[in-house]
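The structure appears below as structure tokens.
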Amino acid sequence: MGFLDSSAACAYTYMYNTAICLFLYILLLYIYNIVRLRHIPSPGFPLPIVGHMYMKHATTVLKFLAICRKKCGGVFSFWAGGYPIVVVMDPIAAKQIFVGDGKTFMKGTDYTKKFARVFGQGLVTAIGEKHRLDSSIMHRAFNRINVEKYRYFMREQTTELMNEILLPNDGKEVDVSVFFHVLSLRIFGYFAVGYEYSKDVETAKWINESVSSGSKVIGEHIFYGLPVHPIIPRIRKMLRQISDVTPHFERIISKRIESRRRGEPENSDCLKAMLDSKMQKKDIYEHLVTLLSAGHDTMSYFGCYTALLLAKHPEVQRKIKIELKSVLGNRVDVSADDIKKMKYLPAVMKESLRLYSVIPFVTRIALKDTILHGKNGSSFRISKGTNCMIPLSIMSRDEAVWENPNEFQPERFLDIATFSSAKLGFLPFGHGKRECIGNILAQIEGQTIFALLLQRVTFEEIPGFKPKIDGGISLTTSNGVRVKIRVDE
């Protein structure tokens, strides 16, 4: 009995000492970060463990960051619990982070450890030499000349789904997120691996649902500094979904390898580029999971938000339709030359991306002590190991940069030729060496889809409807995007 009492006492003492050590570690880390970031403005004093989460609106990510921007300026610290982040919204300072040499800032550990825990070492999470090599391989598929080869498939699928989903609902309310999710998956699936998801509706539906929910979960865990561990039910569910898709990709890869052995012709897609480079099967699989997740979800929500904005602004729709009539006449075949002649449609797309940045934020980590230079001669010392966040969605609505930032005014982009402007903090595809590899595909796909749609339909607003925005890895909604469809005669 005495032995048992002694064992219990030892166990209790061990647990007590462990708890004390853990508390002291958290306290010392808290003090260290307070001292390290004392020169960076902050919306309020962060408390141990909870950080700024005690403050009003702190759990509403995008809204809270916008409030902090007004209070603290273009660079400030935010504590998501005990996890400090330096938020960089000053366009000049943000550009400095993006265009560095890779030795000052790199992808944040949230991506390399949390995102990679689920999706592996794809283009989004890979760093260093691996990212450089993989990116060079993928560019064979993502260059403009190759992307243009797929315009015919974009036209075909847009027309087919428009006839199937939109035109039969003349005068009715439609959740266009269904249309754009199906369409973007079909296009990207064929572009990436030559797979026709129009012939595998159940798999397509499962992928769409899994990607959207996964984006929200991972985004929240990154922003709030939450662990990505299988013990957490929502993470365990995500890992199970990723595991379930393995056989699907294995069949696609095996079928392509067998086809190549027989000497059959193949698309100039991402899978071909990876197989030509002798990439390992594990790496191919991780790239496909990442590409399919990031490649179609962002494009689908861009389509949704653009349709919603057009529904709210009928005068903008009329201007696009006039331009389409002028360039295309009665043709429904949209070519690269046609797109070059259009000025207003690209401006509308840019303004949509400004108001609804489908990638709401990106993170970087400082690899060494550095000085960030901002507007009006301001400067901020960033020490090695500091996690930095660039909230693209808030920068694009910054009233210090944009006149009437919350208003939909496509005309502001008529004189901005490219789909980004670092000077204005408009970086929908990122910037520098880590700029989104799919930006050309997204531009061509978006222009083609809306040129075809607006020749046949008009989007009308549903009074009172507002999308409930979820700021995950991509800017998703929890209630879809609803508009009324009117078929043009």
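A short reminder: the numbers here are calculations on the coordinates, not readings from a lab. Note that the structure is predicted; figures quoted are calculated from it, not measured. FYI the Cβ positions are ideal-geometry reconstructions off the backbone, even for glycines, and counts take in every protein chain you see.
Quick notes on this one:
- Per residue, the chain reaches -17000 deg cm²/dmol at 222 nm when only DSSP H runs of four or more residues are counted, each adding -39500 (n - 2.57).
- Under a 5 Å amide H cut-off, with hydrogens placed 1.01 Å from N, Met106 pairs with Ile365, Leu367 among residues at least 5 apart or on other chains.
- Neighbour counts of other Cβ atoms within 10 Å put Val182, Val99 in the fewest-to-most order Val99, Val182.
- Once you divide the Cα radius of gyration of the stretch 54-487 by 2.2 N^0.38 Å, the number left is 0.96.
- Helix axis angle, 439-456 relative to the chain longest principal axis, alpha carbon, degrees: 50
- Centroid-to-centroid, using Cα positions, the stretch 346-400 and the stretch 311-337 are 34 Å apart.
- Between the helical axis of 61-72 and the longest alpha-carbon principal axis of the chain there is an angle of about 70 degrees.
- Sorted by Cβ neighbour density within 10 Å, fewest at the top, the residues Lys149, Lys272: Lys149, Lys272
- Proximal lysines to Lys341, defined as alpha-carbon separation beneath 16 angstrom and excluding residues fewer than eight positions away on the same chain: Lys319, Lys321, Lys325
- Anisotropy class of the stretch 267-365 from Cα gyration tensor, a/c 1.5 cut: oblate
- Centre separation in Å (Cα based) which lies between the stretch 60-97 and the stretch 230-278: 38
- Taking the number of Cβ atoms within 10 Å of each Cβ as an exposure proxy, the fewest-first ranking of Asp244, Asp297 is Asp244, Asp297.
- Rounded to 10°, Cα long-axis angle of helix 151-161 versus longest principal axis of the chain: 90
- Cα gyration tensor category, rounded, prolate or oblate, for the stretch 150-226 with a/c compared to 1.5: oblate
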